[in-house]
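Enquirer: Below you'll find the structure I mean.
Derivation of every value follows stated rules applied to the coordinates shown; laboratory data play no part. Note that this is a predicted model, so its numbers are computed, not measured. So basically every Cβ, Gly included, is an ideal-geometry build from the backbone, and we count neighbours across all protein chains shown.
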Amino acid sequence: MKKTIVRTLSVAGMITTLLFSGASLAEIAKKKQTPQGLYLSAVESYELMQKNGKDVLFIDVRTRAEVDFLGMPTVADANIPYMLEGDWAEWDEKKSTFKLIPNSGFLPAVEQQLAKKGLSKESKIVVMCRSGSRSAKAAKLLGEAGYKNVYTVVDGFEGDTARDGAHKGQRVVNGWKNANLPWSYKLDREKMYWEM
């Protein structure tokens, strides 16, 4: 049985609880679970990059539009979208948003970034999206492609939505930005995804 470790932070006057890699599967939403079972909070992923950044590949898997308008962690090695914006002509009724399409260049771009850092399929890879769902799918795909140590950031860049209170429906519960970890609106061209 895994030991559950939690940290509590005060963010914008609220108490926020972050789950750590020792968290049990029951505490991680089903849509955020991966076959590898390797999970980090935003805070943990930042600490990992501070200690072992040269031996870890940190990928922001959000769309280019998300990164462009919302910013990106300064410690991320690259933005490699798991999904891409389509032609903006198709609507997803279930999600009330424009449809995204799978990025066929995702795996080759990850391989390129690993080679750039001198890393291999056995190296640690951290993937992060907005709130942990797409990064779980990206981690699953990477695992199926033979990558051994793929961690997903369960609270993502923006965090989860509040279920009640004055901020109900807003992404204020946890996540990279809410933990006040380093990020910037100013993007590094060398870290951006360019279709192959």
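Enquirer: Within region 110-131, does at least one residue satisfy the condition of being within 27 Å of residue 171 (Cα to Cα), of a type in the set (D, E, K, R) and touching a residue at least 60 places away in the same chain (Cβ under 8 Å)?
Expert: Within region 110-131, the first condition is being within 27 Å of residue 171 (Cα to Cα), and the residues that meet it are 125-131.
Still in the running and of a type in the set (D, E, K, R): 130.
Those still in the list that are touching a residue at least 60 places away in the same chain (Cβ under 8 Å) too: 130.
Within region 110-131, one or more residues are within 27 Å of residue 171 (Cα to Cα), of a type in the set (D, E, K, R) and touching a residue at least 60 places away in the same chain (Cβ under 8 Å).
Enquirer: Please enumerate the residues belonging to region 25-43 that are in a helix (DSSP H, G or I) and under 16 Å from residue 183 (Cβ atoms). Break it down into steps so the answer makes sense when it comes.
Expert: Taking region 25-43 first, the residues in a helix (DSSP H, G or I) are 25-27, 30-32, 42-43.
Once the filter is applied, which keeps residues that are in a helix (DSSP H, G or I) and under 16 Å from residue 183 (Cβ atoms), region 25-43 yields 42, 43.
Enquirer: Tell me yes or no: at least one residue of region 138-147 is touching a Leu at 6+ places or on another chain (Cβ under 9 Å), crowded, with 19+ Cβ neighbours inside 10 Å and in a loop (DSSP other than H, G, I, E, B).
Expert: yes
Enquirer: Please work out if residue 99 is farther than 25 Å from residue 185 by Cβ, surrounded by fewer than 17 Cβ atoms within 10 Å (Cβ to Cβ) and within 19 Å of the chain's Cα centre (by Cα). Lay out the reasoning, then the answer.
Expert: Details: farther than 25 Å from residue 185 by Cβ: yes; surrounded by fewer than 17 Cβ atoms within 10 Å (Cβ to Cβ): yes; within 19 Å of the chain's Cα centre (by Cα): no.
Answer is no for this residue.
Enquirer: Considering only region 36-73, state which residues are of a type in the set (S, T, N, Q) and either closer than 20 Å to residue 144 by Cα or surrounded by 17 or more Cβ atoms within 10 Å (Cβ to Cβ) (or both).
Expert: Our first condition is that a residue be of a type in the set (S, T, N, Q); within region 36-73, this holds for 36, 41, 45, 50, 52, 63.
Correct list: 36, 41, 45, 63.
Enquirer: Quick one: in region 73-126, which of the residues that are assigned to a helix (DSSP H, G or I) and of a type in the set (A, V, I, L, M) is nearest to residue 142 (Cα to Cα)?
Expert: Taking region 73-126 as the starting set, the residues that turn out to be assigned to a helix (DSSP H, G or I) are 106-117.
Imposing the further condition that a residue be of a type in the set (A, V, I, L, M) reduces the set to 107, 109-110, 114-115.
On the way: 107: 7, 109: 12, 110: 9, 114: 12, 115: 15 Å.
Among residues in region 73-126 that are assigned to a helix (DSSP H, G or I) and of a type in the set (A, V, I, L, M), the one nearest to residue 142 (Cα to Cα) is 107.
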